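Below is one structure, written out as structure tokens; comments come after it.
The values are calculated or read from the model by the stated rules, or taken from the named source; none is laboratory data. From a predicted model like this one, the values you see are computed outputs, not experimental measurements. With ideal geometry, Cβ positions are generated from the backbone for all residues, glycine too; neighbour counts draw on all protein chains shown. All accessible areas refer to the heavy atoms of the entire protein, side chains included, with ligands and DNA or RNA removed. Shrake-Rupley method; radii C 1.70, N 1.55, O 1.52, S 1.80 Å.
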Amino acid sequence: MNHNEQMKKYYQRCDIDLIQGHLKELLTKAKEEIQQIQVEDIDLENMILIDVREADEFASGVIPATSVFTIPRGKLEFAVDDKLLNLSDHTVVCYCLKGARGLLGAKTLKDLGFSNVLNLEGGIESWVKSGKAIKNYLGYFKTV
């Protein structure tokens, strides 16, 4: 399998609409508990954003909020007492590529005592598709 085929398979695995089985059940329950936020409602100055994608995905760019943390979904629970200790009463928005991991991350934070946690519906993909800029180590970029 070449790189393009691998990326296509990975991209499909991240699509909430294509997920099935037990994970679909878990995501459905999480959607009942976690409020979705739209791109236009993100406040980059006052909300804390948590990008729960994997480390290699961060390199492509993150949403340029004043407070943004890059914590992979699998390490989120362990980062709470370290990086996020005093943020449990702030508005926190989780996001990933397309929304599924962000939703699970938001549910985890809620279960750990965060009182106002949201998920960016559609993930960073919806951010980019709306024409908003992302930032990486080279600077700011947006689609044309």
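Normalising by the residue count of segment 93-144, find the relative contact order in percent from Cα pairs under 8 Å and 6+ residues apart.
Details: 68 pairs, mean separation 17.0, N = 52.
For segment 93-144, the relative contact order is 33 percent.
In whole Hz, with x marking every Gly and Pro, tabulate ³J(HN,Hα) for segment 126-131 from phi via Karplus 6.51 cos²θ - 1.76 cosθ + 1.60, θ = phi - 60°.
Coupling constants for segment 126-131: 5, 4, 5, 5, 7, x Hz.
Per-residue accessible area for LEU104 at 1.4 Å probe radius, Å² rounded to 10?
Per-residue accessible area (LEU104): approximately 30 Å².
If you place +1 on the Cβ of every Lys and Arg, -1 on the Cβ of every Asp and Glu, and leave all else neutral, what size is the dipole of segment 70-135 about its Cα centre, to the nearest 20 Debye?
Dipole about the Cα centre, nearest 20: 340 debye.
So who's got an amide H within less than 5 Å of the one on VAL93, skipping anything under 5 residues away but keeping other chains? H placed 1.01 Å off N, in plane.
Answer set, sorted by chain and number: ILE48, LEU49, ILE50, LEU118.
Each residue of segment 73-83 in turn: what ³J(HN,Hα) in whole Hz from Karplus with 6.51, -1.76, 1.60 and θ = phi - 60°, glycine and Pro shown as x?
These are the phi-based 3J(HN,Hα) values: 3, x, 10, 4, 4, 7, 8, 4, 6, 9, 8 Hz.
Let me know the whole percent of all Cα-Cα pairs from the chain that are separated by more than 22 Å.
Cα-Cα pairs of the chain separated by over 22 Å account for 35 percent.
Would you mind working out the magnitude of the charge dipole of the chain relative to its Cα centre, with +1 at each Lys and Arg C-beta and -1 at each Asp and Glu C-beta, to the nearest 20 Debye?
Once rounded to the nearest 20, the dipole reads 420 debye.
Give me the distance between the Cα centres of segment 20-66 and segment 84-144, rounded to whole Å.
For segment 20-66 versus segment 84-144, the Cα centre distance is 3 Å.
Kindly rank 22-29, 135-142 from highest to lowest mean number of other beta carbons found within 10 Å of each residue.
Per-residue mean Cβ counts within 10 Å order the peptides as 22-29, 135-142.
With a 10 Å radius around each residue's Cβ, average the other Cβ atoms per peptide and rank 87-93, 114-120, highest first. Present the calculation step by step, with values, prior to reporting the outcome.
Details: 87-93: 17.3, 114-120: 21.6.
Order by mean packing, descending: 114-120, 87-93.
For segment 21-94, what's the relative contact order in percent, using C-alpha pairs closer than 8 Å and at least 6 residues apart?
On the way: 66 pairs, mean separation 24.9, N = 74.
After rounding, I find 34 percent.
Can you give the relative contact order of the chain as a percent, counting alpha carbon pairs under 8 Å and 6+ residues apart? Before the final figure, lay out the partial values.
Working: 239 pairs, mean separation 37.9, N = 144.
This gives 26 percent for the chain.
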